[in-house]
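First the structure, in the form of structure tokens, and then the observations on it.
We did not get these values from a lab; they are worked out from the coordinates using the rules stated. Keep in mind it's a predicted model, so treat the numbers as computed, not measured. All Cβ positions, even for glycine, are placed from backbone atoms using ideal geometry, and neighbour counts span all protein chains on display.
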Amino acid sequence: MSQNCIFCKIISGEIPSKKVFENESVLAIEDVNPVAPVHILVLPKKHYTSILDIAASEAGLADLSQLMAALPQIAEELGVEESGFRLINNCGEEGGQTVMHLHFHLIGGRNLGPGLI
Ligand code: 5GP
Ligand code: ZN
């Protein structure tokens, strides 16, 4: 738990969210400002500032592994496991990261095309 982190407050229940998946180490919620019919944020429950924090410890790598392991279940829950989706991580200022708690955007529900930006 990091003070003043909105995602830590969502994880603790202090700020409400629409949960689509949860297990002991991972939470997936609807993004408040969706860019596609499916726009989910997948986050580790433990606070990591960014993807760069992950490599600093075995626990970080284990948490990332847990998050990846949950993806098939999350995609199935959202009905995009066959149609496909895009997974995005914004890291740092020029990477467009606005919430400093590691998260992945899972976006889909329409044809996103091949472009990355
Ligand atoms: P970033 O720009 O850091 O990669 O993405 C942050 C995302 O968090 C944005 O897409 C934004 O819409 C979303 N977001 C910001 N505040 C909240 C919130 O309080 N609840 C939820 N569910 N999403 C949020
Ligand atoms: Zn946090």
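Residues Arg110, Arg86, arranged from fewest to most other Cβ atoms within 10 angstrom of their Cβ, appear as Arg110, Arg86. So, with +1 on the Cβ of K and R and -1 on the Cβ of D and E, and no other charges, what is the size of the charge dipole of the stretch 1-67 about its Cα centre, to the nearest 20 debye? Here the size comes out at about 140 debye.
Using a 4.7 Å Cβ-Cβ cutoff, the cysteines of the chain lacking any partner cysteine are Cys91.
Sequence-ordered 3J(HN,Hα) estimates for the stretch 42-56 from the Karplus curve with 6.51, -1.76 and 1.60 and θ = phi - 60° stand at 10, 9, x, 5, 7, 6, 10, 5, 7, 4, 5, 6, 5, 6, 6 Hz, glycine and proline given as x.
Cα gyration tensor of the stretch 43-117, axes a ≥ b ≥ c as square roots of the eigenvalues: rounded (a/c below 1.5), prolate (a/b > b/c) or oblate? Because a/c hits 1.5 or more and a/b fails to exceed b/c, the stretch 43-117 counts as oblate. The fewest-to-most ranking of Leu102, Leu87 by surrounding Cβ atoms within 10 Å reads Leu87, Leu102. Sorting Ile88, Ile117, Ile40 from the fewest to the most surrounding beta carbons within 10 angstrom yields Ile117, Ile88, Ile40. Think of each Lys and Arg Cβ as +1 and each Asp and Glu Cβ as -1; about the Cα centre, that makes the dipole of the stretch 67-117 roughly 120 debye. Counting only alpha carbon atoms, the long axis of helix 58-78 and the longest principal axis of the chain meet at about 30°.
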